[in-house]
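Visitor: Take this structure, written in structure tokens, and hold onto it; I'll ask about it next.
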Amino acid sequence: MQATALLIIDVQNRMFQRGSSVYNDAKLLYNLKKLIASAKSERMPIFYIQHETIGKHLQRHSDAWELHPFLTVEKDDIVIQKTTPDSFYETPLEEQLYCKGIQHLLLAGIQTEVCIDTTCRSAQSRGFSTSLIGDAHSTWDTPILKASQIIQHHNQTLQWFANTISTDQFVERIR
């Protein structure tokens, strides 16, 4: 079995603000908690990716920028800072994955059509095999599409770059 890491992308307080929270926020947090618990039970490395927008909503060290308190970052977990949708671009992510011998990535988090999509494609381009956890990423409605449609579309489209599995499928594989 390939050495695997779990990447939790941009699950920050700003994405859960009252009145403007991501689609299906409670279910997303529940699934993330299950993924994290399963990964920890297998001593799988967990990388928390944290987005910063300088001078905007996700200003470093602001409450909005902080990782959601539902996530419990432990001493062995790694937090990577990024400023673009690509979790690899100008970050130490790739180097840290290679140092740990990681060949397979599990992707979950926010925002489906931006950071999840971009990181998924970038991971494949960099030679990582990838699994997208189809019920553990989210976004917001747009004027054109509902969030549920965006998520369904990306679960289908990203099959070119990743194997799409559910939280329960991942948990069952570990048991």
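The values are calculated or read from the model by the stated rules, or taken from the named source; none is laboratory data. Values in this document were obtained by computation on a predicted structure and should not be read as measured data. Positions of Cβ are generated from backbone atoms using ideal geometry, with glycine treated the same way; all protein chains shown enter the neighbour counts. We work out accessible area using only protein heavy atoms, side chains counted, and drop any ligands, DNA or RNA first. Shrake-Rupley method; radii C 1.70, N 1.55, O 1.52, S 1.80 Å.
Visitor: So with the 1.4 Å probe, I'd like the accessible area per residue for the chain, rounded to whole Å².
Guide: 51 Å²
Visitor: Using amide H atoms built in the peptide plane, which far-off residues or other-chain residues are under 5 Å from residue 68 H to H?
Guide: So residue 68 has HN proximity to 12, 13.
Visitor: Arranged from highest to lowest average of other beta-carbon atoms within 10 Å per residue, in what order do the peptides 71-81, 161-171, 127-137, 89-99 appear?
Guide: Peptide ranking by packing, descending: 127-137, 161-171, 89-99, 71-81.
Visitor: Also, quick follow-up: Amide H of residue 164: which non-local residues (sequence gap of 5 or more, or other chain) have their own amide H closer than 5 Å, using H built in the peptide plane?
Guide: 132
Visitor: May I pose another question? Any idea which of 171, 116, 142 is furthest toward the positive side of the dipole for the stretch 34-175, if Lys and Arg beta-carbons carry +1 and Asp and Glu beta-carbons -1?
Guide: The Cα lying farthest towards the positive end belongs to 171.
Visitor: Here is a follow-up. If R0 is 25 Å, what FRET efficiency do you get for residue 145 and residue 18 from their C-beta distance, rounded to 0.05?
Guide: The value I calculate is 0.60.
Visitor: Under a GNM of the chain (C-alpha, springs under 10 Å), which listed residue has the highest mean-square fluctuation: 36, 110, 144?
Guide: Sorting by GNM fluctuation, first place goes to 144.
Visitor: With the crude spin-label approximation of a point 7 Å out along Cα→Cβ, what separation in nm comes out for residue 174 versus residue 83?
Guide: About 3.4 nm separates the two model spin labels.
Visitor: Can you tell me the dipole magnitude for the stretch 77-175 around its Cα centre, using point charges on the Cβ only (Lys, Arg +1; Asp, Glu -1), in Debye to the nearest 20?
Guide: Charge dipole of the stretch 77-175: 180 debye, to the nearest 20.
Visitor: I've got another one for you. Counting Lys and Arg as +1 and Asp and Glu as -1, each charge on the Cβ, what is the dipole of the chain about the Cα centre in debye, to the nearest 20?
Guide: 240 debye
Visitor: To continue, here is another question. Could you please state how large a percent of the accessible area of the stretch 1-115 is carbon and sulfur, counting protein chains only and using a 1.4 Å probe?
Guide: Heavy-atom surface of the stretch 1-115 belonging to carbon and sulfur, 1.4 Å probe: 51 percent.
Visitor: Still on this structure, please answer the following. Please check: in the Gaussian network model of the chain (C-alpha springs, under 10 Å), which one of 18, 126, 60 has the largest mean-square fluctuation.
Guide: 18
Visitor: Per Stokes-Einstein, at 10 °C and 1.306 mPa s, what whole-number D in µm² s⁻¹ belongs to the chain, with the Kirkwood radius over Cα pairs as the hydrodynamic radius?
Guide: 99 µm²/s
Visitor: A follow-up question, please. Please turn the phi angles of the stretch 74-86 into ³J(HN,Hα) values with the Karplus equation 6.51 cos²θ - 1.76 cosθ + 1.60 (θ = phi - 60°), one per residue in order, whole Hz, x for glycine and proline.
Guide: Once θ is set to phi - 60°, the couplings for the stretch 74-86 become 9, 4, 7, 6, 10, 10, 10, 8, 9, 10, 10, x, 8 Hz.
Visitor: Would you please give the FRET efficiency between residue 99 and residue 70, computed as 1/(1 + (r/R0)^6) with r the Cβ-Cβ distance and R0 = 25 Å, to the nearest 0.05?
Guide: After rounding to 0.05, the efficiency reads 0.30.
Visitor: Further, regarding this structure: Determine the alpha carbon to alpha carbon distance for each of 40/82; 100/146; 33/100; 56/100; 27/82 and list only those over 29 Å.
Guide: Flagged as over cut-off: 100/146; 56/100.
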